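These notes concern the structure reproduced below.
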Amino acid sequence: MPREKTNDAWTEYQAPWVEETDVPFGYRVESRSDPEFGFHTVDLTQRGGHGACTCTHFQIVANPNFRRHGKHIPYAPKRQGVSECAHIRAALDHYHQHMTIPMLSTFKNGITKGEPNAR
């Protein structure tokens, strides 16, 4: 029987629901650990672009880890020393899927569909 790989735990991760807000790079992310709370607010512009969240895990564990280690350690279930929470990871994934990938596709296929700029 093959041994379980370290990253196999990642496949168990179920991303929380993410909504965009009126604030640029701001998101409302579902709270799975505290359903009564509802949503946490994530601002991806904080901490040099690594994001900040209003959840307890971020305040007590992730942000102090970021200051202690001085670097970004991405979220994964059961990973020690992480510097982001599941809400930041979900917001970053949402941003990547709905902003970065379409933008790169646009660049790849040409920004304008009209005539190219003459120089």
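Here, each number is a calculation from the coordinates, and none is a lab measurement. Remember, predicted model here, so these are calculated numbers, not experimental data. Quick reminder, even Gly has a Cβ in these numbers, built from the backbone with ideal geometry, and neighbours come from all protein chains shown.
If a paramagnetic tag sat 7 Å from the Cα of residue 103 along the Cα-Cβ line, which residues of region 15-31 would have the backbone N under 12 Å from that point? Those under the cut-off are 25.
Counting other beta carbons within 10 Å of each residue's own, what order do 107, 37 fall into, fewest first? It would help to have the intermediate numbers written out before the result.
Numbers: 107 9, 37 12.
So the ranking, lowest neighbour count to highest, is 107, 37.
Seen from all sides and averaged, what is the projected area of the convex hull of the Cα atoms in region 14-107, in nm²?
Here the figure is 6.6 nm², rounded to one decimal.
Note on residue 67 and residue 36: the extension gain reaches 8.2 nm, defined as 0.36 nm multiplied by sequence separation minus the Cα-Cα distance.
Restricting to DSSP loop positions (anything but H, G, I, E, B) with no more than 15 other Cβ atoms inside 10 Å of their own Cβ, which trypsin sites (Lys or Arg not before Pro) remain in region 48-79? It would help to have the intermediate numbers written out before the result.
Numbers: sites: 67, 68, 71, 78, 79; in loops: 71, 78, 79.
Those satisfying the criteria are 71, 78, 79.
Look at 66, 58, 39 and count the other Cβ atoms within 10 Å of each Cβ; fewest to most, that gives 39, 66, 58.
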